[in-house]
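**Q** Sending over a structure as C-alpha cells; questions will come in a sec.
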Amino acid sequence: MFESLQERLGSILNGLTGRGALSEADVAAALREIRRALLEADVALEVVRSFTDRVREKAVGAAVLKSIKPGQMVVKIVHDELVEMLGAEGETIDLNAPAPVVVMMVGLQGSGKTTTSAKIAKRLSERQGKKVLMASLDTRRPAAQEQLRQLGEQTNVQTLPIIAGQSPVDIAKRAVQAGRLGGHDVVILDTAGRTHIDEPLMVEMADIRKVSDPHEILLVADSLTGQDAVNLARSFDERVGITGLVLTRMDGDGRGGAALSMRAVTGKPIKLIGTGEKMDGLEEFHPKRIADRILGMGDIVSLVEKAAENIDAEKAAAMAKKMQSGKFDLDDLAEQLRQMQKMGGMGGIMGLMPGMGKMKDQMAAAGLDDRMFGRQLAIISSMTKKERVNPDILKHSRKKRIAAGSGTDAAEINKLLKMHRGMADMMKAMGGKGKGAGMMRGLMGGMAHKMGLGGLMPGGGMPDLSKMDPKQLEALQKQAQAAGLGRGMPGGIPGLGGGGLPGLGGPKLPGLGRKK
C-alpha cells in the first residue's frame with residue numbers, strides 16, 4: 001500500500017530539498033505534481049484540493065522561502081498536512097461505557113466484516129482480557145452465520161447460538177440480552193452487507209442500531225475501493241452514523257486513496273487496519289507513522305513493536321549467551337531467518353526502515369526478497385545435524401546432496417555459507433572483546449556513530465530499543481530523519497550494515513548501507 005504514492009512524492013520532494021533557494025514558482029510546480037500524484041493514487045478530488053490549498057498557504061510565506069533550508073521546510077509542511085488529513089492522533093475502539101459495550105460492524109459485502117469482527121474479538125480478549133460475544137446478523141449470505149461460528153471456535157471467542165428464521169433485528173436484541181446475562185464485556189454485531197448501497201440495507205442498519213444502541217459503529221471498508229470510498233463512507237455516516245473506520249487489505253498493492261479520502265471526508269478516525277488474512281493480521285492505525293512511510297521516512301517505532309511481539313524472549317536470551325561464547329552455527333542462522341519471517345519478511349521489515357523504499361529495485365536485483373529466506377531455510381533443513389554444527393565439512397559431494405534435497409544449486413549454498421562465515425567471524429571477534437549486551441551495544445554504537453547518531457546515549461552506544469517507551473522511540477525516529485535517514489541513507493542502516501536488526505543478528509545485506 002502507498003508504494004506508488006511514496007515513489008512519486010519522494011521524487012518530487014527530493015527535487016525541492018536539493019535546491020539552495022526556492023521561489024514561489026518552484027513551490028507551485030511541486031504542488032502541481034503533488035496534486036497529480038494524489039489523484040493518481042485515487043484520493044478524492046475534493047480532498048486533494050483542500051490538501052494542496054493548505055500546503056500552498058503555508059509554503060509560499062516569506063518565512064519558508066527565505067529560511068536556511070526551504071526545501072526541507074516544505075517537506076515538513078507536506079508531512080504535517082498528511083498527518084492532519086489522516087487524523088492527528090491515533091484512536092482505538094472506545095470501551096468506556098457500561099457493559100456490555102455493543103460494537104456494530106457495517107459495510108458492503110466482501111469488505112471483510114466477518115473476518116474483521118473475529119480479529120477484533122481475538123484482539124480484545126487476548127490483549128485486554130475482555131469477555132467477548134460475537135453475533136452474526138447476516139441472514140442473507142449463505143453460511144455467513146456458520147462462518148462466524150467457526151471463526152469463534154478458531155479464536156476461542158463465544159458466538160451467539162444460531163436460531164433459524166430469526167430476523168437481523170431479533171438477533172441483535174437477543175445478542176445484547178445474552179451479553180448482559182452472560183456477563184460479557186463486549187458484544188460484536190456482524191451485520192449483513194450488499195454488493196452496493198441500497199435503501200433496504202440502510203433501513204435494516206438503522207433498525208438494528210435502534211434496538212442495540214451500539215457504543216461504536218465501525219465501517220469496514222476495503223482499502224482497494226478507490227474513488228467509491230468517499231460515497232460509501234458518506235452514505236453510511238449520514239444514514240447510520242459511524243464512529244470510526246476499519247480499512248482491510250492494507251497489505252495489498254492498492255494506491256492508498258481510500259485511507260486518505262475516507263478520514264478527510266467523514267472526519268471519523270481510522271481505528272484499525274487489516275494487514276493479512278490471519279487472525280492476528282490487525283493493527284492500530286497511527287497517522288504520523290503512516291505519513292512517515294508515505295514520505296519514505298520509515299517507521300522505527302512499529303518495527304520495534306513488531307520485534308517485541310514476534311521475538312521469543314527466551315530464545316533471544318539463549319542466543320545472546322551463545323554469542324558471548326563466540327559460537328554461531330547454521331541452526332542459529334536458521335532461527336534468525338525464521339524470526340525475520342515472523343516480522344513480515346524482507347518486505348515487511350524494509351518497508352518500516354527509513355529510506356528503504358527507494359532501494360526495492362536494487363534489493364530485487366540482488367535477489368534479496370522473501371523467497372531468499374525460504375531457499376536458505378530449505379538448504380539448512382537439507383543438512384544433517386553434524387553439517388549444521390560444523391559447516392566446514394561441506395565438500396562437493398555433500399553440497400550436491402543438499403542442493404538436490406533443497407531444490408537449489410551449489411552457488412546458492414556457497415552464498416549461504418559465505419554469509420554465515422562472515423557472521424560467525426563477527427561473533428568470534430565480539431566474544432574476544434567483551435561480554436553479552438556490552439559487546440552488542442559497542443557494535444551498534446559504532447554503527448550509530450558512523451551514521452551521525454552517536455549522540456543517542458552517553459559513550460556513543462545504541463540504547464536497548466525494546467526497553468524504550470513510545471516517546472523515546474518517537475525521539476529516535478526524529479533523530480534518524482534529522483540525520484538524513486529518510487533521504488538516501490548515508491553511512492548505513494542501523495544493525496544491517498553488519499549483523500542484522502538490533503538484537504537479531506540477522507543476515508548482512510551487502511551494498512544497501514551506502515548511497516551510490
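**Q** Are any of the pairs Lys130/Lys268; Lys386/Lys415; Lys395/Lys418; Lys76/Lys288; Lys131/Lys268 more than 22 Å apart by Cα-Cα distance, and if so, which?
**A** On the way: Lys130/Lys268 25 Å; Lys386/Lys415 20 Å; Lys395/Lys418 14 Å; Lys76/Lys288 12 Å; Lys131/Lys268 27 Å.
Going by Cα-Cα distance, Lys130/Lys268; Lys131/Lys268 fall outside the 22 Å limit.
**Q** Right, here's the next one. Considering amide H positions built from the backbone, and no H for Pro or chain starts, which residues 5 or more places from Gly244, or on another chain, come under 5 Å of its amide H?
**A** Ile217, Leu219
**Q** Do me a favour and compute the ellipsoid semi-axes for the stretch 76-166 from its Cα gyration tensor, root of five times each eigenvalue, largest one first, whole Å. Before the final figure, lay out each step's value.
**A** Working: eigenvalues 190, 61, 28 Å².
So the equivalent ellipsoid measures 31, 17, 12 Å along its semi-axes.
Laboratory data are not the source of any read-out in this text; all were calculated from the coordinates shown. Just so you know, these numbers come straight off a predicted model, no measurement behind them.
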